[in-house]
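A quick write-up on the structure given underneath.
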Ligand SMILES: [Zn+2]
């Protein structure tokens, strides 16, 4: 046995979209929350996307959403099983391959990056589920389409969970809902009505609630998974997260890919960690980087350096105490305080350093800085697509890592698998897991989600989040109000011509 979690990802494309529709809609309706991720054809100029003014950033992302497209959509439906112990979730993961029916810009860098990460453009053009962007083309959307699936997502009225989700939300709105409004305030007002059960951003949660050293998706997921399994092993009080997956049989099984997620914590060796990757979750050299991109090793190193700091602090305090006793100093220990503060500052500085350079890479890694490296010289990744592993039991299967099962690290050739196929689906799965874990950390025994993180979207380089709310000064857009009337079949008040 090993500690790998094998996640079944259901591959949705045009030839099985109709067939899988009822299962997807049922999964939406019965879930406790839905995690989502997208893969995009590009984002355009990076500078504008990180503009100082948030309103300018919004405009830049809107421009990207109008000219680019969503290539794939990952949905992970987490359903809490109330008859099971702790926090046991039944998880269904869908990866939808999509094809925008209108012309759109696709950036060569993005193509290169996506191909290196296992994205299959042949499959996209041959089997992508088609969709039209912007406003509904005449009347309300009907039939089994991507746009009506989005309507079903809204109708399900569940908390929506994303990781660094602002860009995803703007693209979703433009691609599957309606034309984006001009003003950010209108957009957030619309969002708050589209998702009244709340929008959660696990990057914000990771930074401000979990307070991990890094907050990129894979790091946050693996750290949550590790802490959860440690807590189980130590038989600590309080709830833990357990996952179950459906056992897909017959025809369904042919649509499922079993995506392994291995731990490598048993492996020893020099910690020749790539500094760039450890901070941001990407590196210009990609798979040709000579340093380690192993997130498990990075987490272990971070934990070790935290322990070292704690030790140092302790030692210093002891020294100080001894000195005080000896010299009978009775001052207010300013030196100790200062030392402590310096330490704190250093932690802070380190974190700042890591964040300082943070770009939108988490949404779409390839940009100027990345491509200045040897990304193009990267080896082909086909060998990294691991053989599918079958889930054998007839019943649903609970998977959780146990500590003595950590000895089977991935083979050297697998270590640099940065993404692999079905990235959107698997990323949505990881996002949901972080949320499930953060919820138990935050709420303890109570059943609520994380109130402190509700409707707050992470903003790169900003210490404050973007609030998904309808402010006194903002009104909803007219197009949105019309959509809401269709979706809920009732009149919505307060539209204006703002959009
Ligand atoms: Zn590297």
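Before moving on, here are some points about what is shown:
Residues checked against (1) more than 30 Å from residue 229 (Cα to Cα); (2) modelled with pLDDT of 95 or more:
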| site | (1), (2) |
| --- | --- |
| 84 | no, no |
| 103 | yes, no |
| 129 | yes, yes |
| 136 | yes, no |
| 141 | yes, no |
| 153 | yes, yes |
| 161 | no, yes |
| 174 | yes, yes |
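- Taken together, 311, 253 contain a single residue that is surrounded by fewer than 17 Cβ atoms within 10 Å (Cβ to Cβ) and either touching a helix residue (DSSP H, G or I) at 6+ places or on another chain (Cβ under 6 Å) or at pLDDT below 85 (or both), which is 311.
Residue-wise test of (1) over 23 Å from residue 433 (Cα atoms); (2) part of a strand (DSSP E or B).
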{"position": "78", "(1), (2)": "no, yes"}
{"position": "85", "(1), (2)": "no, no"}
{"position": "93", "(1), (2)": "no, yes"}
{"position": "102", "(1), (2)": "yes, no"}
{"position": "110", "(1), (2)": "yes, no"}
{"position": "123", "(1), (2)": "yes, no"}
{"position": "126", "(1), (2)": "yes, no"}
{"position": "139", "(1), (2)": "yes, no"}
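- Candidate set: segment 280-293, residues that are part of a loop (DSSP other than H, G, I, E, B), more than 18 Å from the chain's Cα centre (by Cα) and crowded, with 21+ Cβ neighbours inside 10 Å; chosen: the one farthest from the ligand (Cβ to nearest atom): 293
- Looking only at residues of segment 419-444 that are closer than 19 Å to residue 121 by Cβ and surrounded by fewer than 24 Cβ atoms within 10 Å (Cβ to Cβ), we find that the one that is modelled with the lowest pLDDT is 419.
- Test: residue in segment 215-234 that is surrounded by 19 or more Cβ atoms within 10 Å (Cβ to Cβ), assigned by TED's automatic domain parsing to the domain that holds residue 460, out of contact with any helix residue (DSSP H, G or I) (no Cβ under 6 Å at 6 or more places or on another chain) and part of a loop (DSSP other than H, G, I, E, B): no
- Qualifying residue in segment 298-308 (condition: under 30 Å from residue 26 (Cβ atoms), more than 16 Å from the ligand (Cβ to nearest atom) and modelled with pLDDT of 85 or more): no
- Residue check for residue 79: crowded, with 17+ Cβ neighbours inside 10 Å, closer than 22 Å to residue 440 by Cα and assigned by TED's automatic domain parsing to the domain that holds residue 459: yes
The values are calculated or read from the model by the stated rules, or taken from the named source; none is laboratory data. Keep in mind that what you see is a predicted model, and the values were worked out from it rather than measured. All Cβ positions, even for glycine, are placed from backbone atoms using ideal geometry, and neighbour counts span all protein chains on display.
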